[in-house]
Amino acid sequence: MLKTIDPALNADILHALRSMGHGDRLALVDTNFPADSIARRTVRGSLLRMDNISAPRAIRAILSVFPLDTPLQPSVGRMEVMGAPDEMPAVQREVQAEVDRAEGASAPLYGIERFAFYDRAATAYCVIATGETRFYGCFMLTKGVVAPDASWSA
């Protein structure tokens, strides 16, 4: 355990989040997503796991350390419901609330068509599988930047 680090963030996930750069993307996916096969095609090349927690809980943990690129663009995508792209199931509304809380303002999710989501996930930095069992619990996050802190200078 580490102080102030969410215990849902294991060492492999922390390493991946820290290794990512501005503009890199991560796919956070539900239990039905073909996570392992798609993760093999990512920059990291292997699947990361946050088992036994929901997508909103995983998003909360990730956003406790991960800056989004929201000042410039929508930075969290959601897999669109097939045949109803504007529909937002409960899991997506709950993730929207976590994103807004972390950002301190409204940061609307953008839709990604299901098969386009698969393609984008395969070119992401990494795929993180959750224990989310609800349909359409798949999200794409784009990393932003952290401003320099003068008090950290050597």
Search result, residues across region 96-143 that are within 25 Å of Leu14 (Cβ to Cβ), among the small types (Gly, Ala, Ser) and crowded, with 17+ Cβ neighbours inside 10 Å: Ala102, Ala107, Ala121, Ala124, Ala129, Gly137
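How many residues, within region 1-48, are assigned to a helix (DSSP H, G or I) and either of a type in the set (Gly, Ala, Ser) or in contact with a strand residue (DSSP E or B) (Cβ under 7 Å, 6 or more places away or on another chain) (or both)?
Narrowing region 1-48 to residues assigned to a helix (DSSP H, G or I): 11-19, 35-39.
Subsequent filtering for residues that are either of a type in the set (Gly, Ala, Ser) or in contact with a strand residue (DSSP E or B) (Cβ under 7 Å, 6 or more places away or on another chain) (or both) retains 11-13, 16, 19, 35, 37-39.
Counting residues in region 1-48 that are assigned to a helix (DSSP H, G or I) and either of a type in the set (Gly, Ala, Ser) or in contact with a strand residue (DSSP E or B) (Cβ under 7 Å, 6 or more places away or on another chain) (or both) gives 9.
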Selected residue (criterion: surrounded by the most Cβ atoms within 10 Å (Cβ to Cβ)) from residues of region 71-95 that are farther than 16 Å from Met20 by Cβ and among the polar types (S, T, N, Q): Gln92
Using the structure shown, decide if Asn10 is out of contact with any Lys or Arg (no Cβ under 9 Å at 6 or more places or on another chain), more than 15 Å from Val95 (Cβ to Cβ) and of a type outside the set (D, E, K, R). no
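This table checks each residue for (1) without any contact (Cβ under 8 Å) to a residue 60 or more places away in the chain; (2) in contact with a Phe, Trp or Tyr (Cβ under 7 Å, 6 or more places away or on another chain); (3) over 22 Å from Ala35 (Cα atoms).
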position: Val65; (1), (2), (3): no, no, yes
position: Glu87; (1), (2), (3): yes, no, yes
position: Gly131; (1), (2), (3): no, no, no
position: Thr142; (1), (2), (3): no, no, no
Would you point out the residue of region 44-82, among those that are modelled with pLDDT of 95 or more and β-branched (Val, Ile, Thr), that is farthest from the chain's Cα centre (by Cα)? Val81
Residue within region 145-154 that is surrounded by 16 or more Cβ atoms within 10 Å (Cβ to Cβ) and either on the phi < 0 side of the Ramachandran plot or of a type outside the set (Asp, Glu) (or both) present: no
Give the residues of region 36-48 that are more than 22 Å from Tyr110 (Cβ to Cβ) and surrounded by 18 or more Cβ atoms within 10 Å (Cβ to Cβ), sorted by residue number. Ala39, Arg44, Leu47, Leu48
Checked against (1) small (Gly, Ala, Ser); (2) in contact with a helix residue (DSSP H, G or I) (Cβ under 7 Å, 6 or more places away or on another chain); (3) closer than 17 Å to Phe135 by Cβ, Gly77 satisfies every condition except (2)
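Please list, ordered by residue number, the helices (runs of 4 or more DSSP H) wholly in region 52-154 having 3 or more residues that are over 24 Å from Thr4 (Cα atoms).
Working: elements: 55-63, 90-103, 114-122.
Correct list: 90-103, 114-122.
The values are calculated or read from the model by the stated rules, or taken from the named source; none is laboratory data. The model shown is predicted, which means the values in this text are computed figures rather than measured ones. We place every Cβ from the backbone using ideal geometry, glycine too, and count neighbours over all the protein chains shown.
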